[in-house]
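The values are calculated or read from the model by the stated rules, or taken from the named source; none is laboratory data. In this text the structure is predicted, and so the values were computed from the model without any measurement. Cβ coordinates were reconstructed from backbone atoms using ideal geometry, including for glycine residues, and neighbour counts include every protein chain displayed. Areas reflect the complete protein model, heavy atoms only, side chains present, ligands, DNA and RNA absent. Shrake-Rupley method; radii C 1.70, N 1.55, O 1.52, S 1.80 Å.
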Amino acid sequence: MRFGIFVPQLVADAVALLDLARTAERTGFDTFWVFDHLYAPGLPEQPALEAWTTATALLCGTETLRVGALVLCNGFRHPALLGRMASTLDVISGGRLEFGIGSGSVEEEHRRAGLPWGSAAERSARLGETLEIVTRMFTGEPTTFAGAHYRVTELPNVPGPVQRPRPPIHLGGAGPKYTLPLVARYADVWNIPTYGLRDRAALTAALERECAAVQRDPATIARSHQAVLALAPDEAALPAVRERAERRYGAAAYGLDDGYVGTPAMVAEQLAQRAAHGIDAVVFLVSPREAEATMELFAAEVLPRLER
């Protein structure tokens with residue numbers, strides 16, 4: 001099982017965020033993730049760093065850590081530019097880019113920026129065309145594509161990405177109508193949000209049907225789980241840690257009940273159970289304020305239990 005840390009970049013100090021990325025690298029985390037929003041959702045006055053430039057700084061300031069966004073917002077960048085940005089950052093980082101992308105989740109920021117929003121069906125169609133263009137660009141061959149939303153003609157992409165066959169593509173969500181068909185066709189990793197974990201069996205069956213429709217082996221798609229991590233050093237500290245997590249992550253979207261809240265022994269047991277159910281990777285959501293201590297404790301007390 002691989003482990004990632006998702007630290008929403010709600011900071012004004014890039015050095016502090018880079019220090020967290022270096023801590024993740026030193027303590028054995030595989031990946032480091034940021035969000036892709038024009039401003040902190042619901043907190044427009046809160047300092048927040050932009051995703052792509054932040055990811056570039058983090059990759060340039062680390063040596064082995066893999067970095068990406070969960071997830072890039074398709075509405076912010078034309079696919080021709082997105083494919084070039086992703087390929088270039090993969091080259092700069094020596095092949096350490098994780099490419100997560102989605103159709104967009106916050107209508108308000110699109111309205112403020114004057115960007116098109118549209119229905120779920122429209123956004124999904126645009127995302128599908130972006131994935132078709134970007135995956136073709138990742139091959140290094142000139143790309144020609146004419147869709148309802150985007151058009152490119154003999155578009156070069158030199159140099160292409162370092163990773164072969166391409167940087168891993170992460171698609172997140174649990175929607176059987178729009179998301180899973182795109183996962184079946186394009187994803188290397190299906191990022192299952194916490195709210196989708198309880199329906200994992202039904203969603204897995206739906207994904208297998210979509211894979212059959214495009215003649216793809218579903219075993220070629222890795223499964224990751226994104227969830228809150230609130231780690232208490234011991235049972236005496238657990239009530240305070242749990243109360244703080246409920247206050248911070250109590251909204252239904254966080255799915256705290258299916259997250260990882262407990263002592264190192266409790267969290268290790270949860271992770272072992274998830275691995276037994278086919279989860280290949282877990283991405284832990286933590287706040288910037290608690291990220292360093294959490295990573296240190298996880299490395300010291302949780303990982304050794306999993307390696308026994």
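Taking the stretch 274-295 as the search range and keeping residues that are exposed (fewer than 15 other Cβ atoms within 10 Å of the Cβ) and of a type outside the set (A, V, I, L, M), which one is nearest to Val261 (Cα to Cα)?
Arg289
Considering only the stretch 26-37, state which residues are surrounded by 19 or more Cβ atoms within 10 Å (Cβ to Cβ) and more than 21 Å from His225 (Cβ to Cβ). It would help to see each step written out before you state the result.
Taking the stretch 26-37 as the starting set, the residues that turn out to be surrounded by 19 or more Cβ atoms within 10 Å (Cβ to Cβ) are 29, 31-37.
The one that is surrounded by 19 or more Cβ atoms within 10 Å (Cβ to Cβ) and more than 21 Å from His225 (Cβ to Cβ): His37.
Using beta carbons and a limit of 6 Å, which pairs, at least six apart or on different chains, have the first residue in the stretch 231-258 and on the phi > 0 side of the Ramachandran plot and the second one at pLDDT below 95 and assigned to a helix (DSSP H, G or I)?
Once the first residue is on the phi > 0 side of the Ramachandran plot and sits in the stretch 231-258, its partners that are at pLDDT below 95 and assigned to a helix (DSSP H, G or I) give Gly255/Thr194; Gly255/Tyr195.
Could you run through the stretch 244-265 and say how many residues are closer than 23 Å to Thr31 by Cβ, more than 18 Å from the chain's Cα centre (by Cα) and open to solvent by 30 Å² or more (accessible area, probe 1.4 Å)?
1
Condition first: surrounded by fewer than 17 Cβ atoms within 10 Å (Cβ to Cβ) and either among the acidic types (Asp, Glu) or in contact with a Gly (Cβ under 6 Å, 6 or more places away or on another chain) (or both). Now tell me which residues in the stretch 296-306 satisfy that.
If the condition is that a residue be surrounded by fewer than 17 Cβ atoms within 10 Å (Cβ to Cβ) and either among the acidic types (Asp, Glu) or in contact with a Gly (Cβ under 6 Å, 6 or more places away or on another chain) (or both), then Glu296 is the only one that fits.
Could we say that Thr27 is out of contact with any Gly (no Cβ under 9 Å at 6 or more places or on another chain) and among the β-branched types (Val, Ile, Thr) here?
Numbers: out of contact with any Gly (no Cβ under 9 Å at 6 or more places or on another chain): yes; among the β-branched types (Val, Ile, Thr): yes.
Yes.
Please find, among Tyr195, Tyr178, the residue that is touching a Leu at 6+ places or on another chain (Cβ under 9 Å) and closer than 20 Å to Gly100 by Cα.
Details: Tyr195 fails: touching a Leu at 6+ places or on another chain (Cβ under 9 Å).
Testing whether each residue is touching a Leu at 6+ places or on another chain (Cβ under 9 Å) and closer than 20 Å to Gly100 by Cα leaves just Tyr178.
Could you please find all residues in the stretch 63-72 being open to solvent by 10 Å² or more (accessible area, probe 1.4 Å) and not hydrophobic (A, V, I, L, M, F, W, C)?
Glu63, Thr64, Arg66, listed by residue number.
Matching residues to (1) buried (at least 19 other Cβ atoms within 10 Å of the Cβ); (2) modelled with pLDDT of 95 or more; (3) farther than 23 Å from Asp13 by Cβ:
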| site | (1), (2), (3) |
| --- | --- |
| Tyr39 | no, yes, no |
| Gly42 | no, no, no |
| Cys60 | no, yes, no |
| Asn74 | yes, yes, yes |
| Leu81 | no, yes, yes |
| Ser87 | yes, yes, yes |
| Phe99 | yes, yes, yes |
| Ser103 | yes, yes, yes |
